[in-house]
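The values are calculated or read from the model by the stated rules, or taken from the named source; none is laboratory data. Computed from a predicted structure; not experimentally measured. Quick reminder, even Gly has a Cβ in these numbers, built from the backbone with ideal geometry, and neighbours come from all protein chains shown.
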Amino acid sequence: MPEFALIGRARPRVDAAGKVTGTTRYADDLALPGQLWCTLVRSPLPHARIVRIDPAPALALEGVAAVLTGGDLQTTYGILPVSQDEQALCADTVRYVGDPVAAVAAVDEATAARAAALIVVEYEPLSAVLSIEDALRSAAEPIHGGGNVQKAVALEFGDVAQGLREAAYQRDDLFFYDGSTHLAMEEHAVLASFAPDGILTLWSSTQTPHYLHRVLSKVLGMPMSRIRVIATPVGGGFGGKSDVLNHELVAAALARATGHPVKCVLTREEVFYAHRGRHPAVIWIRTGWGRDGRVTALHLRTWLDGGAYGSYGVATTYYTGALAPLTYRIPHYRFEGLRVFTNKPACGPKRGHGTPQPRFALECHLDKVAEDLGFDPVELRRRNLVAPFSPTVNWLRVTSCGLAECIDRVVAASGFAQKHRRLPPGRGVGFAVSGYLSGAGLPIYWNDLPHSEVHLTVDRGGRVCIFSGAIDIGQGSDSILIAVVAEVLGLQPEDIQLVTADTALTPVDLGSYSSRVTFMAGNAAVQAAQRMRALIARAVAPRLGVPPEEVRFADGHVAAAGDGARRLRWQEACTVAEAVHGTLSASGAYTPPKLAGPYRGSGVGPSAAYSFSACVAEVAVDEETGEVQVEKVWLAHDIGRALNPLLVAGQVEGSVYMAVGEALFERQGYRRGAHAGPSMLEYKSPTMYEMPAVETILVESIDPEGPFGAKECGQGPLLPVVPAIANAIYDAVGVRVDEVPATPDKLLRALTRAKGGPARIGPTAAPPAAFGPVTKVRRPEDEDAAAAGI
Amino acid sequence: MGERLALSVNGRLRELVAPVSTTLLEVLREDLGLTGTKHGCELGECGACTVLIDGAPALACLVLPVEVQGKEITTVEGLADGALHPLQRAFMDHGALQCGYCTSGFLLAAKALLDRTPSPTREEITEALSGNLCRCTGYLRIVEAVEAAARVPHA
């Protein structure tokens, strides 16, 4: 008999029927009577002072209801408490091409566009800072006052110099990982409406309704209790809808100013400028090694090009250092990282948030180390793997860890050992591993509150309703919440309905980011369901003639353990329980354990559990054109437990897809501050033709703290794919890919050079090391030694 | 000010008045309330607004309604005929959708393919659907779903 009725079974998404029939209502599908259309006026310059704005010609146009400028919305905000550096409309200075300076509300889109064009804006241009090197020059024009280094971090765990002295061999490498954007199919959309009682309701395609709720309150100067935020089903997020964006605040302000509902939908070009995507990053790595193939020290430096605003960037900076040591036992580790402001659209979190760049660098670096030392690249990793239930050098608490099994299975399935260095010219295989967090262990703003809360109710018909703040962005959170509650209560998914992401109706979930929803909202839902089960068991136990702990919930019935004949239908049991308890409702909550290490900055990286992945990629490189075709990717992922294998495989395949784009095609590039190709045709993403075959291998390590043992799968599987492709290209044609995307032009130049010897694509000089003084941090093993009196 | 239009949409004649420059996508979504057809770029680059015009796939954001009067327009709302179309069922069962924003475009492009090529090869499916972008699934399950739907015997 299977352990579970639903958990572990492949089932279609609960929202699939709405999506295949076109009845799911996304934000852009909503309309209210009398609604006005909002268009933003955006800066054509990357950096300038606003000298004058004259809205009069726009206001004179028939059909224009209101114009707002920066003076109307002065309050600064930002997603992180440490970087409150944005304004809904710029008051004095514009900092990137696309920075909004004014907004129009008019009867329709065409009128709003005409009016926006009539608004006169005079600028005094300032010199623009467009690269990391530019930003670090002392003479650079400050973008936010002060220097352009927004954040610099320097942490050392143990003593890297000592580790390198103990090394028989050391190597450094320099890498560049270009920026890319989320390119969700749905353009950001918002609808804002004030009721006659002054309550604002705002529907938005957001991954983080709770943070939007807070920022709306701050910027509009209204208490949160007067604002209701509803997140609509999100048509693709990938991190791009996890920041509060200007149009959401402006639409609300225009609704207040006009007394009409206001709708705003960004154009595709505006979405490219809204961005908040992958930070371009320069990465430098040095490691030391013993003759036995064990690492003695890791020194990692990262330089991030942050764009014009803070966004999540302080967290991103820490993330570039926090998860690099997750997969290996590193005796000594130094991390130095910085993020600069530049006059380009702000970068932020994109699938993997700050970890794909250093992971790419580290795994390519290890491929070179293995070659230098004469090790098989898989064996080199195996000798250094993190152990389950152990701390990392930087105080991450690793619990369940199926990385070794992931490696074994992906290597066996792909035939890596038979293929590596043995395929014909132009074909190659590459290997890499990675790890990722199942939800950030600390909230964005400090508090002791749960990260996720769930309410359950039961109606007189026995229908269960889940109330959760979590929003489904395509990852399948609705399906997971329903499945775990149904499993605990012995019901079918059809017996359960769901109300999500409505701040007036649902308790808080912090948002669909950092791979946290299955783990945190899942745990909260399990707890709520267990409490509901206990309520019902207590009420029906006398009828069944057994103590409450011997009441079983299965197949839509509540029964006495060991005697299936003594049972009530679920609905009858609920009626009995309601008569005993009054209203049937139960709540659950999840707060991650406090896991921060003993140092400043240790709040980024801790998680209740980590997923692990191992990947082999096989590629064919056309040496005439420099084009790379990824033919197949084998991806083994330690998911803890696959609650719904169909959804897990979808997350793995989607991660592989996005990684192929970042490895080979996608680039958020600029020319003098303007986007180099702000359209879906010019921004090259993989089509069906470029998608490789994927073999997904799920490894179940059954995490002790995950819901039914589950861990994350939405982001982790992206991480090893990019370096595996880079290593495969080297195996195929002997060109080291130290920079992505590895576009044909770059590869072709390197292949031409390769005729005379080793060749690579990648940066040649690191930016200045402006990281500041290093903070020394004791390691967990130092703590153990001190405790033991050594 | 506008043009008087008579459009046959999902087998029903719909009459409306709209400015002549309004696209079919805008008319479907805003005048006829058929919001299942999605708006992804309005430049003919993403495929999210794919509809069928006399059975052939077309990008509704690039079509002017006056061009398609007298032709039969099919949107995702017209796909299920009492029961779900085999493609809709297969997309659900095979996990061929996640966020769902590209789904209606894919379904209609796939329907056009299956209507003219009932048992397509993988290459034919790729060719027919490569103009539709999806950022969630990596496409593999969409191909599988189309193959599965092609195996369903038509009543």
Subset tally (residues that are part of a helix (DSSP H, G or I) and among the basic types (Lys, Arg)) for segment A:209-242: 3
Selection count where residues are out of contact with any strand residue (DSSP E or B) (no Cβ under 9 Å at 6 or more places or on another chain), more than 16 Å from residue B:131 (Cβ to Cβ) and of a type outside the set (Phe, Trp, Tyr), scope segment B:87-107: 12
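Yes/no matrix, rows are residues, columns are (1) among the basic types (Lys, Arg); (2) in a loop (DSSP other than H, G, I, E, B):
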site	(1), (2)
A:359	yes, no
A:406	no, no
A:440	no, yes
A:450	no, yes
Options A:308, A:257, A:251, A:324; residue that is over 21 Å from the mean Cα position of the chain (by Cα) and crowded, with 24+ Cβ neighbours inside 10 Å: A:251
Residue, surrounded by the fewest Cβ atoms within 10 Å (Cβ to Cβ), within segment A:656-699, restricted to residues that are part of a helix (DSSP H, G or I) and within 8 Å of another protein chain (Cβ to nearest Cβ): A:689
For segment A:341-350, check the following and say yes or no: at least one residue is at pLDDT 95 or above, aliphatic (A, V, I, L, M) and in contact with a Gly (Cβ under 6 Å, 6 or more places away or on another chain). yes
Look at residue A:175 and say whether it is buried (at least 24 other Cβ atoms within 10 Å of the Cβ), away from chain B (no Cβ under 14 Å) and outside any helix (DSSP H, G or I). yes
Wholly enclosed helices (runs of 4 or more DSSP H) of segment A:243-356 bearing at least 1 residues within 14 Å of another protein chain (Cβ to nearest Cβ) and β-branched (Val, Ile, Thr): A:268-274
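Quick one: how many residues across segment B:116-155 are in a loop (DSSP other than H, G, I, E, B) and within 11 Å of chain A (Cβ to nearest Cβ)? Outline the logic, then answer.
Applying the first criterion (in a loop (DSSP other than H, G, I, E, B)) to segment B:116-155 yields B:117-121, B:130-139, B:152-155.
In the following step, the residues that additionally are within 11 Å of chain A (Cβ to nearest Cβ) were identified as B:130-139.
The qualifying residues number 10.
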Matching entry among A:540, A:604, A:546 (being outside any strand (DSSP E or B), in the same structural domain as residue A:437 (by TED's automatic domain parsing) and either touching a helix residue (DSSP H, G or I) at 6+ places or on another chain (Cβ under 7 Å) or farther than 30 Å from residue A:24 by Cα (or both)): A:604
Subset of segment A:106-158, residues modelled with pLDDT of 95 or more, among the small types (Gly, Ala, Ser), in a loop (DSSP other than H, G, I, E, B) and over 19 Å from residue A:42 (Cα atoms), comes to A:131, A:158
Those residues that are surrounded by fewer than 24 Cβ atoms within 10 Å (Cβ to Cβ), in contact (Cβ under 8 Å) with a residue 24 or more places away in the chain and more than 16 Å from the chain's Cα centre (by Cα), I need them from segment B:118-148; list them, please. B:118, B:119, B:120, B:122, B:144, B:147, B:148
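Looking at segment A:275-306 only, could you name the residues that are closer than 20 Å to residue A:129 by Cβ and among the hydrophobic types (A, V, I, L, M, F, W, C)?
A:281, A:282, A:303, A:304
For segment B:1-32, how many residues meet the condition of being part of a loop (DSSP other than H, G, I, E, B) and more than 9 Å from chain A (Cβ to nearest Cβ)?
Step one: filter segment B:1-32 for residues part of a loop (DSSP other than H, G, I, E, B), giving B:1-2, B:10-11, B:19-23, B:32.
Filter once more, keeping what is more than 9 Å from chain A (Cβ to nearest Cβ): B:1-2, B:10-11, B:20, B:22-23, B:32.
Final tally of qualifying residues: 8.
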Take residues that are buried (at least 21 other Cβ atoms within 10 Å of the Cβ) and away from chain A (no Cβ under 13 Å) and tell me which of the strands (runs of 3 or more DSSP E) falling wholly in segment B:45-97 contain 2 or more. B:56-59
List pairs: first residue in segment B:97-114 and outside the structural domain of residue B:126 (by TED's automatic domain parsing), second residue in a helix (DSSP H, G or I) and of a type in the set (Asp, Glu) anywhere in the structure, Cβ distance under 6 angstrom, at least six positions apart or on different chains. none
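Out of A:568, A:510, report the one residue that is crowded, with 22+ Cβ neighbours inside 10 Å and modelled with pLDDT of 95 or more.
Working: A:568 fails: crowded, with 22+ Cβ neighbours inside 10 Å.
It is A:510.
State whether one or more residues within segment A:754-769 are assigned to a helix (DSSP H, G or I) and in contact with a strand residue (DSSP E or B) (Cβ under 9 Å, 6 or more places away or on another chain).
As a first pass, look at segment A:754-769 and keep what is assigned to a helix (DSSP H, G or I): A:754.
Remaining after also requiring in contact with a strand residue (DSSP E or B) (Cβ under 9 Å, 6 or more places away or on another chain): A:754.
Checking segment A:754-769: at least one residue is assigned to a helix (DSSP H, G or I) and in contact with a strand residue (DSSP E or B) (Cβ under 9 Å, 6 or more places away or on another chain).
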Taking segment A:112-166 as the search range and keeping residues that are among the hydroxyl-bearing types (Ser, Thr, Tyr) and in contact with an Asp or Glu (Cβ under 9 Å, 6 or more places away or on another chain), which one is surrounded by the fewest Cβ atoms within 10 Å (Cβ to Cβ)? A:127
Matching residues, segment B:2-44, being more than 16 Å from residue B:74 (Cα to Cα), of a type in the set (A, V, I, L, M, F, W, C) and surrounded by 15 or more Cβ atoms within 10 Å (Cβ to Cβ): B:5, B:16, B:18, B:41, B:43
